Structures are given as structure tokens and as C-alpha cells.
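See structure below.
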Amino acid sequence: MCKICKEAMARAKQIGQATPDAWERADAAIRAWRAANPELEFDGVIAECDAWAEHMAAAD
């Protein structure tokens, strides 16, 4: 996971429930990744999710 995504996930609001917390962390990381890469364009939500998953798999 890259530094941008790690930091965003660490700042995400935790409510103490596993599933909502996981979605909040993922949303925070995706938003931070998009903000850091404004040149990225996608044909839809699935394409964006696939690209983020590839980014996460490739990052340190």
C-alpha cells in the first residue's frame, strides 16, 4: 500500500464496526489516491475500482 493510501486510511473515522470501518478506510484511500492523481480518467466505477486494486497490489 502506498504512503498516500496508508495515511488516508489511518485518518479515516472509526466507529468500531468492522464492515463500516473497512468501507470508510477504503473510501478515504481512494479519494486520496484520486486527489494525488487528477490526470486519471475512468469509463466507470468498475474501471476505477479495478485501477485502484491494481495500484494497491503494486504499491509497497
- [ ] Specify the residue that is modelled with the lowest pLDDT; the eligible residues are those in region 35-56 that are hydrophobic (A, V, I, L, M, F, W, C) and surrounded by fewer than 10 Cβ atoms within 10 Å (Cβ to Cβ).
- [x] Val45
- [ ] Within region 2-10, identify whether any single residue is of a type in the set (A, V, I, L, M, F, W, C), touching a His at 6+ places or on another chain (Cβ under 9 Å) and not in a helix (DSSP H, G or I), and answer yes or no.
- [x] yes
TODO: Please state which of the following conditions Lys3 fails to meet, knowing it meets all the rest: (1) of a type outside the set (Val, Ile, Thr); (2) within 9 Å of the chain's Cα centre (by Cα); (3) open to solvent by 80 Å² or more (accessible area, probe 1.4 Å).
DONE: (2)
Task: Members of region 18-49 found to be more than 21 Å from Lys3 (Cβ to Cβ), more than 11 Å from the chain's Cα centre (by Cα) and outside any loop (DSSP other than H, G, I, E, B), listed by number - done: Ala18, Thr19, Pro20, Val45, Ile46, Ala47
Task: Only one of Ala59, Ala12 that is touching a residue at least 40 places away in the same chain (Cβ under 8 Å), open to solvent by less than 40 Å² (accessible area, probe 1.4 Å) and over 10 Å from the mean Cα position of the chain (by Cα) - done: Ala59
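The values are calculated or read from the model by the stated rules, or taken from the named source; none is laboratory data. Just so it is clear, the model here is predicted, and its values are computed rather than measured. Note that each Cβ is placed from the backbone with ideal geometry, even for glycine, and that neighbours are counted across all protein chains shown. Areas reflect the complete protein model, heavy atoms only, side chains present, ligands, DNA and RNA absent. Shrake-Rupley method; radii C 1.70, N 1.55, O 1.52, S 1.80 Å.
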